[in-house]
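Take a look at the structure below.
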Amino acid sequence: MKVIVLGAGIVGVTSAYQLAKAGHEVTVVDRQPGPALETSFANAGEVSFGYCSPWAAPGIPVKAMKWLFMKHAPLILRPKLDMAMLSWMARMLSNCTSERYAINKSRMLRLADYSRIALADLRAETGIAYDERMQGTLQLFRTEQQLDASAKDVKALAADGIPYEVLDRDGCIRFEPALRHVRDKIVGGLLTPKDETGDCFKFTNALAAKAEAVGVRFAYGTTIKALDVEAGRVRGVITDRERMSAEAVVVALGSYSPLLLEPLGIRLPVYPVKGYSLTIPITDASRAPESTVMDETYKIAITRLGDRIRVGGMAEISGYTNDLGLARRSTLEYSVTDLFPGGDISKASFWSGLRPMTPDGTPVIGGTKVAGLFLNTGHGTLGWTMSTGSARLIADLVSGGQPEIDAKDLAISRYG
């Protein structure tokens with residue numbers, strides 16, 4: 001079939017590659033001049049097959065109230081008269097129960113573990129290099145209360161057969177030797193050893209080149225105006241340059257997906273949650289992390305990417321604004337210098353991106369009420385982690401095949 005993929009971020013490019021491998025004639029459309037220039041550009045660098053959890057969790061409403069008054073808060077809320085924002089927040093709060101958390105986390109772990117296999121296969125097939133490391137994620141606890149609260153995550157990991165290890169202070173330092181300089185600031189951690197790290201921008205650009213080599217066409221610098229739908233079936237896409245015909249369309253536009261779908265009466269509960277990052281050159285390798293350290297107190301990931309450190313995190317709910325707030329930079333700087341002192345943050349580059357979040361934390365993958373129109377979006381903070389598995393799923397679904405894992409509860413129909 002002729003298939004158009006909307007979006008050239010990590011999710012769109014991996015989808016296009018898998019669709020081309022399945023034998024389709026694929027075109028990718030993106031407003032940017034190249035791949036991975038928005039949310040995929042400078043994300044935290046984690047590929048978190050084990051460390052993946054919904055933001056909507058028991059206790060989050062109480063924590064959120066406390067965070068609003070913290071100087072270095074992991075959550076920043078800038079409320080406005082926006083029905084999409086208010087509706088999304090209400091739905092998120094309804095998912096902050098133990099029952100919903102267990103269901104949502106299980107879905108996420110299923111897709112993440114599938115993506116682990118898919119990424120390994122893709123790496124072996126293509127030989128792509130992207131500053132990758134396979135040394136795990138250490139969720140670092142500064143308080144006994146945080147360590148005790150990790151029991152619910154341990155239970156979910158055990159239930160899904162995901163390897164993990166609960167570490168004491170000395171165990172954390174054995175895993176990340178640079179933490180010996182701040183041993184009194186930590187009490188323990190949760191290690192997910194199958195997690196990986198890597199530069200999402202490098203990977204996406206390398207895979208886009210591989211996709212072009214197998215026939216994928218990329219229409220960069222092209223603004224998507226509307227979906228062309230006739231008699232309940234998608235016929236193509238209308239852009240600022242031309243009308244492009246297709247037998248199937250995959251929407252992988254991240255936070256902008258709901259805006260394109262709304263005129264069709266498709267209510268996709270995805271809302272932008274802004275994240276920030278710093279990229280810092282390593283000046284002393286003995287004081288840098290070996291893999292990813294997740295600072296649980298501030299929800300900030302500190303990741304080794306080759307000769308750089310990527311510091312990423314926070315969740316700012318402020319709509320479609322992408323300004324760089326200096327207060328957010330200070331939080332990133334505080335976390336990394338507190339745990340890994342000695343780096344030269346004066347040379348850091350500062351970035352922000354809009355993560356496409358669903359209220360339950362699980363992406364939306366599958367068909368819609370419009371024949372031939374498919375969604376692969378809403379991955380939140382885990383687009384890099386889940387991209388390769390999501391791409392395999394969407395290629396199977398578009399092709400009319402049977403996915404290798406259960407994907408029914410990932411479809412938009414779960415929202416009613």
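The values are calculated or read from the model by the stated rules, or taken from the named source; none is laboratory data. Computed from a predicted structure; not experimentally measured. Note: ideal-geometry Cβ built from the backbone for every residue, glycine included; neighbour counts use all protein chains shown. Remember, those area values only see protein heavy atoms, side chains included, never the ligands or the DNA or RNA. Shrake-Rupley method; radii C 1.70, N 1.55, O 1.52, S 1.80 Å.
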Cα Rg, Dmax (largest Cα-Cα span) when computed across region 270-416, Å: 18.5, 56
Karplus-derived 3J(HN,Hα), 6.51/-1.76/1.60, for each residue of region 73-89, Hz, glycine and proline x: 7, x, 10, 10, 10, 10, x, 8, 6, 9, 4, 5, 5, 5, 5, 5, 5
Calculated FRET value between LYS369 and SER87, using beta carbons and R₀ = 22 Å, to 0.05: 0.65
Linear extension gain, ASP228 paired with THR283, 0.36 nm per residue minus alpha-carbon span: 14.6 nm
Added length on full extension, which subtracts the Cα-Cα distance from 0.36 nm per residue, ALA151 to ASP240: 26.9 nm
Burial order of peptide ranges 291-302, 6-17 (average beta-carbon count within 10 Å, highest first): 6-17, 291-302
Amide proton proximity set for GLN135, modelled H, under 5 Å, gap of 5+: THR197
Peptides 45-58, 379-392, 156-169, 105-118 ordered by average Cβ neighbours within 10 Å, highest first: 379-392, 45-58, 105-118, 156-169
Cα shape, region 39-189, gyration tensor, a/c 1.5 rule: oblate
Extension gain, ALA158 back to LYS347 (0.36 nm per residue minus Cα-Cα distance, nm): 63.9 nm
Loop-located GluC sites (Glu not before Pro) in region 187-275 whose Cβ has at most 14 other Cβ within 10 Å (DSSP): GLU242
Under-5 Å amide H pairs with VAL273, H placed in peptide plane, nonlocal only: ARG355, MET357
Projected label distance in nm at LYS408 and ARG180, using a 7 Å step from Cα toward the beta-carbon: 5.4
Simple spin-label estimate for GLU25 and ALA102 in nanometres, 7 Å along Cα-Cβ: 5.1
1.4 Å probe accessible area per residue over the chain, in Å²: 39
Crossing angle, helix 326-339 versus the chain [Cα axis fit, 0-90 degrees, rounded to tens]: 50
5 angstrom amide H check on VAL5, placed H, neighbours 5+ away: THR27, VAL28, VAL29, VAL250
Signed unit charges on C-beta, dipole axis of the chain, positive-most listed residue GLY136, THR297, CYS96: CYS96
Set of aspartates and glutamates near LYS408 by C-alpha distance (under 13 Å), chain-local residues within fewer than 8 positions excluded: ASP396
